[in-house]
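Colleague: Please read through the structure below; I'll follow up with questions.
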Amino acid sequence: MRSEPIRLPEHGNTKIIAHRGASCLECENTAAAFIAAGNRSYWGMETDIFRTIDRQFMCHHDESTGRICEQDLPIEKSTFDALRSLRLKDMDGKSDRAELCLCTPWEYRKICERYGKVCVPELVSKFIPDEIERLIGLFDGYLENTVFIAFDMANLNLVRRFLPEQTVEYLSSWWTDDLPAMLEERKMDLDIEWGSLTEDRVKACHERGIRVNCWTVDDPAKAEELISWGVDYITSNALE
């Protein structure tokens, strides 16, 4: 188990985002992981938000809980109370810490606000307008420090329906040459898998006013190269 993230000696204007909280130190997407990130130098904290079967919201990455929990419950087919009652595995694989439970978006927002970190929530479920409006309400009062991200463009379009000027990032696993023009037209930033980037691609985005976030960078040497290319953000499990 790691006792501290790997510190990058210099990262210039590139900001570092804790992926699912300080997930190298505490069970990911838990209050413990977010508090651990809050106590370190991260610019922001990323999380993932699903809808439960009773139309509440939970922070979790996978479609089900089995990877980080003894019980394997499907998030979107389980009730909020059933999911909340689960005890999650600590970093040693043992389920012996009662406080390790799934975190709500409201709790995540409160922790980010308490420690002055930017919220970077990924909208995972295919949300309907009412749900997006309710989710936005959870971040009301802190929206200037919130960046919504999603692979599903429909989710980002819904955010923009209610908040036309809100900062959002389109998530992508690969690069296509039409990305910069498409994002410029939509006034959205890019959040892309780091292996798809080149220095020229970063430049192509910047020339159109598009900020570039890249995930998930855990190798210090690769991070230094990306920083030299001028990426705006690095999302990492292990780096600080």
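The values are calculated or read from the model by the stated rules, or taken from the named source; none is laboratory data. Source: prediction; values computed, not measured. All Cβ positions, glycine included, derive from the backbone under ideal geometry; neighbour counts span all protein chains shown. Protein only, heavy atoms only, side chains kept; ligands, DNA and RNA dropped before computing areas. Shrake-Rupley method; radii C 1.70, N 1.55, O 1.52, S 1.80 Å.
Colleague: Working only within segment 131-157, note down all residues that are open to solvent by less than 50 Å² (accessible area, probe 1.4 Å) and among the acidic types (Asp, Glu).
Modeller: Glu131, Asp152
Colleague: What pairs come out if I take residues in segment 185-203 that are farther than 15 Å from Thr14 by Cα and pair them with residues that are open to solvent by 80 Å² or more (accessible area, probe 1.4 Å) and modelled with pLDDT under 95 whose C-beta lies under 7 Å away, six or more apart or interchain?
Modeller: Nothing qualifies.
Colleague: Is segment 143-153 home to any residue that is closer than 26 Å to Lys77 by Cβ, in a helix (DSSP H, G or I), touching a residue at least 12 places away in the same chain (Cβ under 8 Å) and not small (Gly, Ala, Ser)?
Modeller: Among the residues of segment 143-153, at least one is closer than 26 Å to Lys77 by Cβ, in a helix (DSSP H, G or I), touching a residue at least 12 places away in the same chain (Cβ under 8 Å) and not small (Gly, Ala, Ser), which makes the answer yes.
Colleague: Being surrounded by 15 or more Cβ atoms within 10 Å (Cβ to Cβ) and not aliphatic (A, V, I, L, M) is the filter here; which residues of segment 158-168 pass it?
Modeller: Arg160, Gln166, Thr167, listed by residue number.
Colleague: Now for a separate question. Among the candidates Ile128, Ile136, Ile111, which residue alone is of a type in the set (Val, Ile, Thr) and either at pLDDT below 95 or closer than 13 Å to Thr30 by Cβ (or both)?
Modeller: Going through Ile128, Ile136, Ile111 in turn, the sole match is Ile111.
Colleague: Would you mind stating whether Glu165 is assigned to a helix (DSSP H, G or I) and of a type in the set (Asp, Glu)?
Modeller: When the stated conditions are applied, Glu165 does not pass them.
Colleague: Let me confirm something: among Val147, Val159, which residue is under 29 Å from Lys203 (Cβ atoms) and in contact with a Ser or Thr (Cβ under 7 Å, 6 or more places away or on another chain)?
Modeller: So the residue among Val147, Val159 that is under 29 Å from Lys203 (Cβ atoms) and in contact with a Ser or Thr (Cβ under 7 Å, 6 or more places away or on another chain) is Val147.
Colleague: Within segment 119-128, identify whether any single residue is acidic (Asp, Glu), in contact with a Leu (Cβ under 8 Å, 6 or more places away or on another chain) and surrounded by 15 or more Cβ atoms within 10 Å (Cβ to Cβ), and answer yes or no.
Modeller: Checked against the condition, which is being acidic (Asp, Glu), in contact with a Leu (Cβ under 8 Å, 6 or more places away or on another chain) and surrounded by 15 or more Cβ atoms within 10 Å (Cβ to Cβ), segment 119-128 yields at least one hit.
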